[in-house]
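Coordinate-derived values only; no laboratory data. Owing to the predicted nature of the structure, the values given are computational and were not obtained by experimental measurement. Here the Cβ is made from the backbone with ideal geometry for all residues, glycine too, and neighbour counts use every protein chain on show.
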Amino acid sequence: MFLQADDTYHNWLKDLKKSIKTSQIKAALAVNNQLILLYWQLGKQITEKQENAKWGSGFIDQLSKDLKEEFPEMGGFSVSNLYEITRFYRYFNSIKVKSHQLGGKTRLILHQLGGELDEENKIPEIIQLCMQVPWRHIVLVMQKSNAPDEAIFYIQETIENNWSRAVLEMQIETNLFSRQGKAITNFKQTLPEIEGDLAQSILKDPYNFGFLNLQKKIKERDLELKLIENISVFLMELGKGFAYLGRQFLINVGGKEFRTDLLFFHTKLKCYIIIELKVTEFEPEYLGKLNFYVSAIDKLVKSPEDKPTIGIFLCKSKNNVVVDFALQDINKPLGVTEFTYKELPDNIKNALPTIEQLTSELNKEEDTENTSD
């Protein structure tokens, strides 16, 4: 069928062009939001026409030609992108979840963004989330995610952490979805519920140190130095909120000097975080030393307004049952997790932000928090 001679197609195309022109005007106020909404609505219409109008296999090619002729300066109407737009609608329309099923984190993000479910226009909350993310990020998530809850997770994390596409790709390649919040801890027993849940959510198991190009045999001091030499990528792997304070932090207890491996302050948890490193398998006695350091920071360094210090033991390997037993009856918040050496592709390594960029983002975050207090 020659679509240009089809009145149904001609009338639909006329209405579609008018809708796109309206979106172009609105886009001056919110470029990405309006673009993603336009793609959602366009994908919906294409899907419906393909199912009902039976215009044949040349429909997308003809539509691409017509839209590019009408909007030569706009872009986004290539045949390949129209297929992605159609896939976008079908992919996220298939996620049949209710508001409460998206979880508290989604509700919080939507509240912070001022988002509400648009009953009149039937914009699902998952699309409201997508409207906060660049189009190519969404395409990447669709290509790489294995399940809807994984796609939602990466959309949420992109919004919360303001990831570039390279960083998003790195997080997907290193399977952050399966690692986030998986460390073994005693936070439920030692921290208030809200603080404990947040603290649990920031920890990963395992952490990926592929950016270090480590040898199989390495000393703890060498691992510590390499992490500091690559502090910008290390902070990215730790996650948003970690502020690096120093290595071999000196603590004086009873006239004796002790030094923690790495000391951080977490801007969201409002607490100090100690990370102790071991390049061997976890042993229960390691927690005694970490527990001592946490107590010392609480007594000698922590301000009254700071939350309780958290200790993280990062080791080459662990037996989860042994870790569970070792954490029992310890009254300080401690966690145990592993690290691996999975290598990152060079293109992703090169695209990661510098320490200056991360510091700038941290300062912006602190300024925002101070303003809101």
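Given their separation in residues at 0.36 nm each and the Cα-Cα distance between them, residue 295 and residue 340 gain 13.3 nm when the chain is fully extended. Label-to-label distance, residue 93 versus residue 160, with points set 7 angstrom from Cα along the beta-carbon direction: 3.0 nm. Sum up the charges of everything whose Cβ sits under 12 Å from the Cβ of residue 322, counting Lys and Arg as +1 and Asp and Glu as -1, but leave residue 322 out. Residues near residue 322 contribute -3 overall.
Placing a pseudo-label 7 Å from each Cα along the Cα-to-Cβ vector at residue 144 and residue 14 gives an inter-label distance of 4.5 nm. Taking θ as phi - 60° and the Karplus parameters 6.51, -1.76 and 1.60, the scalar couplings of segment 270-282 work out to 6, 8, 6, 10, 9, 10, 9, 10, 9, 8, 10, 6, 4 Hz in sequence order, x denoting glycine and proline.
Stretching the chain fully between residue 69 and residue 51 yields a gain of 3.9 nm (0.36 nm per residue, less the alpha carbon separation).
A Förster distance of 30 Å, applied to the separation of the beta-carbon atoms of residue 226 and residue 322, puts the FRET efficiency at 0.65.
Checking every one of the GluC sites (Glu not before Pro) in segment 241-296 against DSSP loop status and a limit of 16 other Cβ atoms within 10 Å picks out 285.
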